[in-house]
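To keep things clear, I will list the structure first and then write my remarks on it.
Read-outs: derived from the displayed coordinates by stated rules, not from any lab. The shown structure was predicted, so the numbers you read here are calculated from the model rather than taken from an experiment. No Cβ is skipped: glycine too gets one built from the backbone with ideal geometry, and neighbour counts run over all protein chains shown.
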Amino acid sequence: MATFRIKRFNPEKQPEPYFEEFELDIPDGATLLDCMNEIKWTLDGSLSYRMSCRSAICGSCAVKANGHALLACQRQGEHLLDNDDTITLEPLGNMKPVKDLVVDFTPFWDKINKVKPYLEPKDEAPAKERHQSQEEFLIIDDASTCIMCGACYSDCNTLEVDDNFLGPAALAKAQRFVGDSRDSKTLQRVQDLSEPGGIWDCTHCAECVERCPKPAKPFDRIKEIMTVALDNGVHNNNGARHALSFTNSVKRSGNLNENRIPVESMGIFNISGLLSLIPIGLRMLLKGKVPPVIHHSIDEVDDVKRIFKELDQ
Amino acid sequence: MKFALFTGCVAKGATRELMLSTTKAAEGLGFEFVEMKSASCCGAGVVSEKSPLLADALNARSFSIAEKQGLDIVTICSTCQGTLKKTEAHLNESKEYKEKVNDILEDGGHQYNGTTRIKHFANILATEEGMARLKSRIKRPLTGLKVAAFYGCYVLRPSENSDFENPDNPTGMEDIFAALGATPVYYPSRIKCCGFPIVMMNKDASLGMSGNALVDAIDNGADVVATGCPLCHLSLDSYQPEIESLQKKNQSIPILHLPQLVALALGYTPTQLGMDSHIVSTLKINQILSNSASSSH
């Protein structure tokens, strides 16, 4: 017998959410969604959650199981049992619960809309289709597989502390158009995406890659946008300056010059940014934690320089 | 056991106490760590923002250096570990890509064959052999010390590149703490991001993340946080006085590098391990250990 510990919430009856436990024999081969349906149909018809296709296509049934977002229809119930034969179900994170496991997706959709998730073509529509090569298609193929389930949004570490962040799903969707050979607004797009709340606010934690039930893998897509932004000369922001300073440091010495990178990331004309570095700088100086003033290169740095040259970097 | 030590940049720069304590821990454990002085920076997932191929070529060069020595690589930084493993995955994903990278390396006399394993320090300890070695060499068990792990996300995700058994619910670090005689503290934030990668871009969000993690560790009863990543250490220790959520509660918590914690149990003194160079005082740790030692006599 398995225990389903489900977070219940009905603001019309009780302002605070609470956990309720249901006992269920998991039928052989049942998915988590099958189990949820069984609970709803046989134990408590008031249990609310979203579902539709049962085939990991529609993206409706994403919930948090044992603390991590997943598609309920994509996992076997048995596989999710913890050591106490329990599965803990909660609504997706980073969005407001509406009832039980149903959350309000409004901010999620607002952010998808913000990245202009439609083609802005280069020219008039031709009589027939616009051709794309296999190579051109592969650039946007992974992002195209996103089913908007919100699992990445739920577990995003940046969104937990900053709801201004566009979030992984919207940024993956943005890459779908930044990388599209038929789109005319690449530069405008990467400029917009380099603003605060965009690509450079991603904290590299790869939670979104881990939670994504499809090959969309948002963090990988975010990195692709970063490369396009840097290649297009969109450098006037801390994220781009940081990437360039970092890469140039490795080019010069084979390793990172930690004294230069904070200053170069802020930008030498960014007075308030530079001032913000003083407290941490002083604290570290007083404890002798400042990196060596004379920066040393690695041994055989010439070979590293050769690789940069060979790759035109 | 002999390894090629990929130091990473931060252990030679802002957190030199990590390098110091790694040397001591290796000495105490009887490991031979040969420093890879000609390896380049792993790129920290930042060089790959500029050029993924460049980042992979530089890391493949580092791998080939260890291959020539016939040694596996040990890292002491979760970010280095995750970034190197990502390159390794790219190289093994496609034969054409590997050949393309090897073409770039050729003129420097390097070639990547894929014969070297890349392991984080925690992962070489959290094996049967590592644990046995650890337990047999402990001189000062860390009895009474409640230690919260902070893994550093690169060493866990993507999970297919992680050496930890269950990256969503790992126990490797906690198993090490228990072997050292300490009491592991489990808390939800232990597998989250410290926020360091965006401290230059969005400092409020960055310190929000580190603050949430530290409050979580304290609320779950931790005396100290131990991390396998020097970037997490910078975020959790060096920036700690600026973390608002802790300031409001008037709380602080010392942060140790994993090798410092290990070497403490191996009998080295806090000063030998550079613990006096931390921003947040680590004196509390010695007090707890002395108290539990005197109460057991």
(request) State the extension gain, in nm to one decimal, for the chain segment bounded by residue A:131 and residue A:118, taking 0.36 nm per residue of separation less the distance between their alpha-carbons. (result) 3.0 nm
(request) Please average, across the residues of A:159-166, the number of beta carbons from any other chain that are within 10 Å of each residue's own beta carbon, and give a whole number. (result) 4
(message) For the protein assembly as shown, give me the percentage of DSSP beta bridges that are antiparallel, rounded to the nearest 5 percent.
(response) 40 percent
(message) Run the simple label-point estimate for residue A:282 and residue B:92 please: 7 Å along Cα→C-beta, distance reported in nm.
(response) 4.9 nm
(request) Compute the signed sum of charges (Lys and Arg +1, Asp and Glu -1) over the other residues within less than 10 Å, Cβ to Cβ, of residue A:252. (result) +3
(request) Output the lone cysteines of chain A: those with no second cysteine's C-beta under 4.7 Å from their C-beta. (result) A:35, A:61, A:73, A:146, A:149, A:156, A:202, A:212
(request) Can you figure out the FRET efficiency of residue A:10 with residue B:249, using R₀ = 41 Å and their beta-carbon distance, to the nearest 0.05? (result) 0.80
(request) Using Cα pairs closer than 8 Å and at least 6 residues apart in sequence, work out the relative contact order for chain B, in percent. (result) 20 percent
(request) State to the nearest 20 debye the size of the charge dipole of the protein assembly as shown about its Cα centre, where the only charges are +1 on K and R beta carbons and -1 on D and E beta carbons. (result) 1500 debye
(message) Within a 10 angstrom radius of the beta carbon, how do A:87, A:278 rank from fewest other beta carbons to most?
(response) A:278, A:87
(request) Using Cα pairs closer than 8 Å and at least 6 residues apart in sequence, work out the relative contact order for region B:172-297, in percent. (result) 21 percent
(message) From the phi angles alone, apply the Karplus equation (6.51, -1.76, 1.60; θ = phi - 60°) to region A:30-37 and give each ³J(HN,Hα) in whole Hz, x where the residue is Gly or Pro.
(response) 6, 7, 4, 5, 4, 5, 4, 4
(request) List B:200, A:1 from most exposed to least, where exposure is judged by having the fewest other Cβ atoms within 10 Å. (result) A:1, B:200
(request) Please tell me the relative contact order of chain A in percent, rounded to the nearest whole number, where contacts are Cα pairs under 8 Å and at least six residues apart. (result) 13 percent
(message) List the residues, sorted by chain then number, that are 5 or more residues from residue A:98 or on another chain and whose placed amide H is less than 5 Å from its amide H.
(response) A:103, A:104
(request) First measure r as the distance between the Cβ atoms of residue B:271 and residue A:55, then evaluate 1/(1 + (r/R0)^6) with R0 = 51 Å and state the FRET efficiency to the nearest 0.05. (result) 0.25
(message) Which order do the peptides B:102-113, A:41-52, A:89-100, A:191-202 come out in when sorted by mean C-beta neighbours inside 10 angstrom, highest first?
(response) A:191-202, A:89-100, B:102-113, A:41-52
(message) A 31 angstrom limit on the alpha carbon distance is what I want to check against. Which of A:289/B:192; B:85/B:139; A:64/B:98; A:251/B:95; B:146/B:203; B:68/B:203 exceed it?
(response) B:85/B:139; A:64/B:98; B:68/B:203
